[in-house]
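To start, the structure itself, in structure tokens.
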Amino acid sequence: MKKLALLLAFMFIVFSSFSQNQDKQENIKEDKKEGHLQITFAYPVGIHGINSMNYRNKVSVNILFGINGGFDGIEFGSIGNYNTGDVKGMQFAGVLNVNQKKAEGFIIGGTGNIILGKAKGFVLSSSVNFTKDTLDGFQLSTVNIGNYVKGMQLGTVNMVKEVDGFQLGVVNLAQKVKGVQMGVVNFGNKTKGAQIGIVNIAPKGEGVTPVGLINVVKGGLYELEVSGSEALYSNISFKMGVERFYSVFTASFGAYNGKFVHSTGFGFGGNIKLAEKHSLDIFGTANQIIYDGNFEGELNLLNKFNINYKYRLNKGFSLFAGPTLNVYVSKEKVDGRLGTINIPYSIYKHESKNTLVSIWSGLNLGVSYRF
């Protein structure tokens, strides 16, 4: 809160001072006078006084804050820097940098950076980076806001109209994405590339590959499957994503030793189209087995790798069948014996005092419906 209050106070002072000289600034030519050094205590108290915005310097030092015409070298301000012309080099502010035109180099603001022209290089702050035009480089802050970014945004929240590169944050928001979004929540209206996160949303993502728990893609894959297998007889799966890569949620039901057994699981997979109505569906899941309602039991994991041949009956329904490789790892004991499912046979089995590992191949067959 103290930083925010300081930032707002500084911005008020800067824009108030700037507005008082706006008429004069509008008459300034694009070609600035070249200066080697400017030192300002607090605008307009400095070497160039009220005309400081006419000068583009090699070295600019603003003891509190200053308004200058730009620099080609280095600028430092304990509170802030405001430039009406191009800046190039290294810029440091304890609170805020405001650059009206092109900024190139290292732009570092303690709280924030505002760049109204094109930016190229590294833009870093603790709270907010705002780039109105284009950025070719790197943004690092708690919140990054931009128009067009070619490069990388790294922050808690990244918001941009268009990104060609990489967004890494808790929440990534973009109208158009070409590249990769990685975060807890990723939203790319038009996405060509990859989204990696817990929730991935691409309303017009024709070229997107979502990798996550919840994947919402226009025209994507949303499929419910019901199947049977040799270990847990009844299985339900829901797949969401796109054909080439989807996430799958599973639930299975069965019985062992006269008790109810069920499992919940998660995995990933993809479809390979063979012909108009024929495809291969390849996916793997990890499923935690719950015996007799004991949710606090030991490790009891059934890992399944499936290769299903799928025949599409119509737009919605398909039939499928295929082999399954099962790897069962259990530390759960029932009546002194490890394991809580019926294992038909084993092609590999190892049992220690506390862990059972069994591998076998099986069969999976069922019906699916696409929404």
When every residue in segment 78-113 that is of a type in the set (A, V, I, L, M, F, W, C) and free of Cβ contacts under 8 Å to residues at least 40 places away in the same chain is compared, the one nearest to Glu34 (Cα to Cα) is Val87
Pairs returned, first residue in segment 143-168 that is surrounded by fewer than 17 Cβ atoms within 10 Å (Cβ to Cβ), second residue that is outside any strand (DSSP E or B) and modelled with pLDDT of 95 or more, beta-carbon separation under 7 angstrom, 6 or more apart or interchain, are Thr156/Thr142
The lone condition Met53 fails out of (1) in a strand (DSSP E or B); (2) touching a helix residue (DSSP H, G or I) at 6+ places or on another chain (Cβ under 7 Å) is (1)
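Within segment 307-320, does at least one residue satisfy the condition of being assigned to a loop (DSSP other than H, G, I, E, B), surrounded by 14 or more Cβ atoms within 10 Å (Cβ to Cβ), of a type outside the set (Phe, Trp, Tyr) and without any contact (Cβ under 8 Å) to a residue 60 or more places away in the chain?
If we filter segment 307-320 for residues that are assigned to a loop (DSSP other than H, G, I, E, B), which is where we start, we get 313-316.
In the following step, the residues that additionally are surrounded by 14 or more Cβ atoms within 10 Å (Cβ to Cβ) were identified as none.
Within segment 307-320 (the criterion being assigned to a loop (DSSP other than H, G, I, E, B), surrounded by 14 or more Cβ atoms within 10 Å (Cβ to Cβ), of a type outside the set (Phe, Trp, Tyr) and without any contact (Cβ under 8 Å) to a residue 60 or more places away in the chain), the answer is no, since none of the residues qualifies.
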Contact list, first residue from segment 201-223 and in contact (Cβ under 8 Å) with a residue 60 or more places away in the chain, second anywhere and open to solvent by less than 40 Å² (accessible area, probe 1.4 Å) and of a type in the set (Ser, Thr, Tyr), beta-carbon distance below 7 Å, six or more apart or interchain, is Leu221/Tyr246; Glu223/Ser368
Q. Within segment 219-234, can one find any residue that is surrounded by fewer than 18 Cβ atoms within 10 Å (Cβ to Cβ), closer than 24 Å to Leu319 by Cα and aromatic (Phe, Trp, Tyr)?
A. yes
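Anything in segment 57-86 that is of a type in the set (A, V, I, L, M) and part of a loop (DSSP other than H, G, I, E, B)? List them, or say none.
Across segment 57-86, the qualifying residue is only Ile79.
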With criteria (1) over 20 Å from Asn113 (Cα atoms); (2) of a type in the set (Ser, Thr, Tyr); (3) open to solvent by less than 10 Å² (accessible area, probe 1.4 Å), Tyr55 comes up short on (3)
Say whether the condition of being without any contact (Cβ under 8 Å) to a residue 40 or more places away in the chain, within 30 Å of Ile79 (Cβ to Cβ) and open to solvent by 60 Å² or more (accessible area, probe 1.4 Å) is met by at least one residue in segment 173-188.
no
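Could you say which residue among Val177, Val163 is farther than 26 Å from Gly269 by Cβ and touching a strand residue (DSSP E or B) at 6+ places or on another chain (Cβ under 7 Å)?
Val163
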Among the residues of segment 321-361, the number that are more than 37 Å from the chain's Cα centre (by Cα) and open to solvent by 80 Å² or more (accessible area, probe 1.4 Å) is 11
Counting only residues that are in contact with a Gly (Cβ under 9 Å, 6 or more places away or on another chain) and surrounded by 13 or more Cβ atoms within 10 Å (Cβ to Cβ), segment 260-278 contains a total of 7
Of the residues in segment 103-128, those that are open to solvent by 20 Å² or more (accessible area, probe 1.4 Å), within 10 Å of Asn144 (Cα to Cα) and either among the basic types (Lys, Arg) or touching a Phe, Trp or Tyr at 6+ places or on another chain (Cβ under 8 Å) (or both) come to Leu124
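The values are calculated or read from the model by the stated rules, or taken from the named source; none is laboratory data. None of the values given here were measured: they were computed from a predicted structure. Methodologically, a virtual Cβ is constructed for each residue, glycine included, from the backbone with ideal geometry; neighbour enumeration extends over all protein chains shown. To get the accessible areas, we keep the full protein, side chains included, count just its heavy atoms, and leave off ligands, DNA and RNA. Shrake-Rupley method; radii C 1.70, N 1.55, O 1.52, S 1.80 Å.
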